[in-house]
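To start, the structure under review is shown below, and the notes come after it.
No value in this document is a laboratory result; all are computed from the given coordinates. Quantities reported herein were computed from a predicted structural model and do not represent experimental measurements. Glycine gets a Cβ as well: all are built from the backbone with ideal geometry, and neighbour counts include every protein chain shown.
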Amino acid sequence: MNPTLMKPAAALALGLSPLLATPAFAQEAAATAGSVFEGDWLIVGGGAIYGPSYDGSDDYVIDPVPAIQGKLLGVGINAKPSGLSLDFINDGGNKISFALGPSARLRSNRAVHIKDPVVERLGTLKRAIEVGGTAGISVNRLLSGYDTLTFSVDARTDINGSHGGVVINPGISYFTPLSKGIAVVLGAEAEHADDAFMDYYFSVTPAGSVASGLPVYRAHGGWRKLGGSAIVAFDLDGDLTNGGLSLVAFGSYSRLINDAEFSPLVSIRGSRDQWNGGLGLAFTF
């Protein structure tokens with residue numbers, strides 16, 4: 001799982017459930033009689049996240065975000081900040097485990113509630129529907145009987161006639177419980193985007209320059225973002241293994257780099273420093 005960098009309304013999931021359902025935790029919990037993680041299980045939840053109104057903005061908005069995680073008929077369902085993916089490799093219980101399957105994401109950057117009036121003059125953009133694949137490797141029970149270190153990468157392309165480009169998200173995350181009722185995930189992630197993606201979201205055309213007063217700018221592909229995050233879950237009855245309600249808190253920081261950082265939408269009207277924070281509830285059954 002890759003519970004890292006989050007954008008309001010851009011991810012398909014809040015990241016509530018990954019830290020309740022990290023493989024090592026679920027595997028060890030399943031060995032406990034009566035654990036909710038025996039056989040099929042599901043986590044659903046939702047919350048609110050406070051973050052930039054567009055990628056690179058210094059204006060902040062609040063968005064509702066849903067979450068889902070689970071395992072049905074041996075197929076893992078993983079909600080991540082970078083999208084929603086399925087894991088078809090059923091190798092639970094191993095010291096080294098792998099993940100492989102399809103991945104999808106809805107990207108709503110500059111499609112809704114642009115607060116900056118200058119950027120708004122550039123017009124709203126079409127939502128991107130990105131599909132592709134995900135692969136990962138996890139080292140379970142690294143420092144304790146329940147922790148997990150995961151390396152993963154997602155690669156997706158837009159199929160909705162939006163940016164029409166390719167995005168690659170490598171990431172690393174570390175999960176560990178602090179007690180029977182509290183667990184945390186620490187993560188780091190990067191994002192690489194091609195010319196089509198960068199041009200769509202960060203360039204200013206001559207027509208756009210006339211409409212907004214911003215200088216003409218052409219963004220090119222490359223690494224565009226680096227960042228990290230922390231997620232903490234508090235089970236409301238003090239036992240993460242028996243299901244029920246959990247309270248989840250989330251925070252992240254990312255920095256736009258290279259051509260994204262120097263776009264007038266960021267350097268003049270926004271900020272290269274991007275912060276997000278959120279709270280939510282998740283129910284495990």
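Here are a few things to note about the model shown:
- Whole-number percent relative contact order across the chain, with pairs defined as alpha carbons under 8 Å at least 6 apart: 21
- For segment 46-110, the list of trypsin sites (Lys or Arg not before Pro) that fall in a loop by DSSP and count at most 15 other C-beta atoms within 10 angstrom reads 95.
- Within the shell defined by Cβ-Cβ distances under 13 Å, the residues around residue 182 carry a net charge of -2, with Lys and Arg each +1 and Asp and Glu each -1.
- The alpha carbon centroids of segment 94-135 and segment 264-285 are separated by 13 Å.
- Length-normalised contact order for segment 56-117 - Cα pairs under 8 Å, 6+ apart - percent: 22
- Cβ-based net charge around residue 160, under 12 Å, with every Lys or Arg adding one and every Asp or Glu removing one: +3
- 31 Å Cα-Cα threshold exceeded, pairs from 71/126; 71/180; 126/225; 95/180: 71/126
- Note on segment 165-283: Cα-only Rg and Dmax are 19.3, 59 Å.
- Counting Lys and Arg as +1 and Asp and Glu as -1 over every other residue whose Cβ lies under 10 Å from the Cβ of residue 129, the net charge comes to +3.
- Helices in the chain, meaning DSSP H runs of at least 4 residues, each add -39500 (n - 2.57). Divided by all residues, the mean residue ellipticity at 222 nm is -3000 deg cm²/dmol.
- In the chain, the inverse of the mean reciprocal separation of distinct Cα atoms equals 19.1 Å; this is its Kirkwood hydrodynamic radius.
- For the chain, a simple Cβ point-charge model (Lys and Arg +1, Asp and Glu -1, everything else neutral) yields a dipole of about 400 debye relative to the Cα centre.
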